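The values are calculated or read from the model by the stated rules, or taken from the named source; none is laboratory data. This structure is a prediction, so every number in the text was calculated from the model and none was measured. Cβ sites come from the backbone with ideal geometry, for glycine too, and all protein chains shown count toward neighbours. The accessibility values were calculated without ligands, DNA or RNA, using every heavy atom of the protein model including side chains. Shrake-Rupley method; radii C 1.70, N 1.55, O 1.52, S 1.80 Å.
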Amino acid sequence: MYFISPTKGRLTAEEMFRDIMEFIEGTPDAQYKVIIGTDSQARVRTCFVTAVIIHQVGKGARYYYRKRYQRKLNSLRQRIFIEAALSLEVASFLAQKLAENGHADLNVEIHLDIGPNGDTKELIREVVGMVVGSGFAAKIKPYSCGATKVADKYTKSG
């Protein structure tokens, strides 16, 4: 699994984690949030983009993303559940690495591309339950900028 950093280019998951740690250790007394969100776009095939954002609260952030392609999925429900599963995969990896490096207290949030308005409202309870049941905080629209802004930006570019 590899990620793209807008400033550092292609990174393995381990390299991305080291970059996150350098960012945190640069200002260790600051408050940080780790945000993971996935969005998808169905064209000829379905493009899934998972974004990882390390946010220094009140200051700024760094982000990384990865793209995956699958056959075209017309089912919105199926796409939303795959988005959540991809976010959970990355969140589990990062939570484990953070715990191993003395940062188990760092808040990991999963941002979901679902909300109370529109076609996804019927999925909220199930998808949020899946995330919370996995031990992570879940955010939905309009509070899910990780999925709706960062990941969304890269689904549009192919």
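Brief remarks on what is shown
- Rg/Rh (Cα only; Kirkwood hydrodynamic radius) as it applies to segment 18-158: 0.98
- Projected over all directions and averaged, the alpha-carbon convex hull of segment 111-158 occupies 3.6 nm².
- Alpha-carbon radius of gyration plus Dmax, which is the widest Cα pair, for segment 55-120 in Å: 14.9, 42
- Among the protein heavy atoms, those of residue 19 account for about 10 Å² of accessible surface (1.4 Å probe, every chain in place).
- Inter-probe distance in nm under a simple model that places probes 7 Å from Cα toward Cβ, at residue 73 and residue 126: 1.2 nm
- Apportionment of accessible area to carbon and sulfur, the chain, percent (1.4 Å): 50 percent
- Neighbourhood charge, 10 Å Cβ-Cβ cut-off, centred on residue 137 and excluding it, Lys, Arg +1 and Asp, Glu -1: +1
- Summing +1 for each Lys or Arg and -1 for each Asp or Glu among the other residues whose beta-carbon sits under 11 angstrom from that of residue 72 gives +4.
- Using C-alpha pairs under 8 Å with a sequence gap of at least 6, the mean separation divided by the residue count of segment 1-149 gives a relative contact order of 24 percent.
- Each Lys and Arg contributes +1 and each Asp and Glu -1, all at the Cβ; summed about the Cα centre of the chain, the dipole is approximately 860 debye.
- Long-range lysine pairs (8 or more apart or interchain), the chain, Cα under 14 Å: 8
- Annotation: per residue accessible area for the chain equals 51 Å², rounded to a whole number [probe 1.4 Å, protein chains only].
- Between the exposed loop cleavage positions of the chain, defined as trypsin sites (Lys or Arg not before Pro) in a non-H, G, I, E, B DSSP state with at most 14 neighbouring beta-carbon atoms within 10 angstrom, the longest gap is 73-155.
- Solvent exposure of residue 112, expressed as accessible area, is near 10 Å², computed with a probe of 1.4 Å over the protein chains only.
- The alpha-carbon atoms of segment 9-87, seen along their principal axes, cover 46, 24, 17 angstrom, with the largest extent given first.
- The label point for residue 85 and the one for residue 119, both projected 7 Å from the Cα toward the Cβ, are 1.9 nm apart.
- Gain on full extension, evaluated as 0.36 nm per residue between residue 149 and residue 29 minus their Cα-Cα distance, stands at 40.5 nm.
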